[in-house]
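Please read the structure below before turning to the comments.
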Amino acid sequence: MSESTGGTESTESVLLQQLGLRRVLNAAGALTAVGGGLLPPHVIDAMRDIGQVYVDMHEFQTAVGDRIARLTNNEAAMVTSGAAAAVAISTMTAITNGDPREVMRLSDHRAVENRVIVQHPHRSPYDLAVNLGGGRVVQIGNSYQTFPWELEGAIDDGCAMVLFVDATDMGHGGIDLETTVAIAHRRGVPVVVDAAAQLPPHTNLWRYTRECGADAAIFSGGKHLQGPQSSGLLLGTAEFISGARAQVAPYQRLARALKPGKENIAGVLAAVEHFVSRDHVAESTRWESLCANWIATLSVIPGVHATRAFPNEAGQAIPRVRVDVGSVQARDRVATALWERDPRVHVLREGDDFYLTPETLHDGEHEEVIHAVISVLTTALAAQ
Ligand SMILES: *Cc1c(COP(=O)(O)O)cnc(C)c1O
């Protein structure tokens, strides 16, 4: 069993067989569209353990939050049902400051301007969650540049929060986090960082908050952490997290609709405990060697050019393999043929090429993926 992907006991699913659905070999990344990640045994064990008992959910969220805060060097922490849920809850928190009277009035706030400032290079499909939280995204800057004075100018009494999105493939020409925090805090406006996919490095768990001064940082539980697919972390100051706790279940307030179950809370705690004690160097050596093997195997096929790509699509320090098959048309034929197999093989199309990543696969699956790729490449390219 590998440290990084956990269990390898079974790669079959009884339910998928009953439903007549194909399993997917996911060589594309931690993508919601194919089920997020694979749960390692320690996460499944934690979910099974808590699934057998009742507990006071206020006490449980507090105790788990305290433990996650300690593990991640933050003042406070809370488990959410995902990173997008955490964006919505952060917006509600910033609007209401956690005052229960304001929380109860949240749905009326929709008539009021609750502006959430987002720099142009930080726009993503996920900032729709700001609207879910009762805010309205106000964009500053353009795709080339955003200036500090634009942020200064945008902060007024109707401004509830600045949402800063960290994804290394985004943010070019934007204002850095330290400057953003300095400007926003001068005006008493909280800054929340959506860093859903920014692990590794594990130091990011406290960098945005403890080192850069953001009020909170958000991570997906179901991406690199390998927690339950619908789990997320909201890490930050005691004040901000206490305001966030006032929004959510077990209270019957607006964010009740974003409830993480006790199984998800226990599962992501186990994932964080495991993640911070992982041997990150050994893990990265293993990925490098898996990529090197894939490249060596693919390089003998005529017309195929396989090279190491780094960092990955989310800007993470994880190697992957870029496969150039000569044209976009050939690439699409190959990717489609891989998807149509049983089991399906999912690869990431980017630019004119496709990419294979080692980190989302069980141990035995790296071989399975490369056999499928070779089989498809030799037939698809021969048919040209
Ligand atoms: C993946 C992602 C999200 C959504 O995460 P979920 O945990 O699936 O809700 C939000 N923001 C960014 C930047 C992401 O990459």
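Table for the structure above
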read-out	value
Matching residues in the range 123-153 - criterion: being of a type in the set (D, E, K, R) and under 16 Å from Pro190 (Cα atoms)	Arg136, Glu152
Members of the range 222-243 that are in a loop (DSSP other than H, G, I, E, B) and of a type in the set (S, T, N, Q)	Gln226, Gln229, Ser230, Ser231, Thr237
Residues located in the range 331-379, provided they are crowded, with 19+ Cβ neighbours inside 10 Å and small (Gly, Ala, Ser)	Ala335, Ala372
Which numbered condition Ala33 fails, given (1) among the aliphatic types (A, V, I, L, M); (2) in a helix (DSSP H, G or I); (3) within 16 Å of the ligand (Cβ to nearest atom); (4) in contact (Cβ under 8 Å) with a residue 24 or more places away in the chain	(4)
Condition check for Ala309: crowded, with 16+ Cβ neighbours inside 10 Å, within 26 Å of the chain's Cα centre (by Cα) and not hydroxyl-bearing (Ser, Thr, Tyr)	yes
Odd one out for Gln61, checked against (1) away from the ligand (no atom under 16 Å from the Cβ); (2) part of a loop (DSSP other than H, G, I, E, B); (3) at pLDDT 95 or above	(2)
Subset of the range 193-232 that is more than 19 Å from Ser124 (Cα to Cα) and hydrophobic (A, V, I, L, M, F, W, C) - its residue that is farthest from the ligand (Cβ to nearest atom)	Trp206
Selection from the range 88-137 of residues that are among the β-branched types (Val, Ile, Thr) and surrounded by fewer than 15 Cβ atoms within 10 Å (Cβ to Cβ)	Val112
Qualifying residues in the range 164-192 (those that are near the ligand (Cβ under 10 Å from one of its atoms) and among the hydrophobic types (A, V, I, L, M, F, W, C)) - the one farthest from Thr237 (Cα to Cα)	Met170
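The values are calculated or read from the model by the stated rules, or taken from the named source; none is laboratory data. Because the structure is a prediction, the values reported are computed rather than measured. Neighbour counts are summed over all protein chains in view; Cβ atoms, including those assigned to glycine, are modelled from backbone coordinates with ideal geometry.
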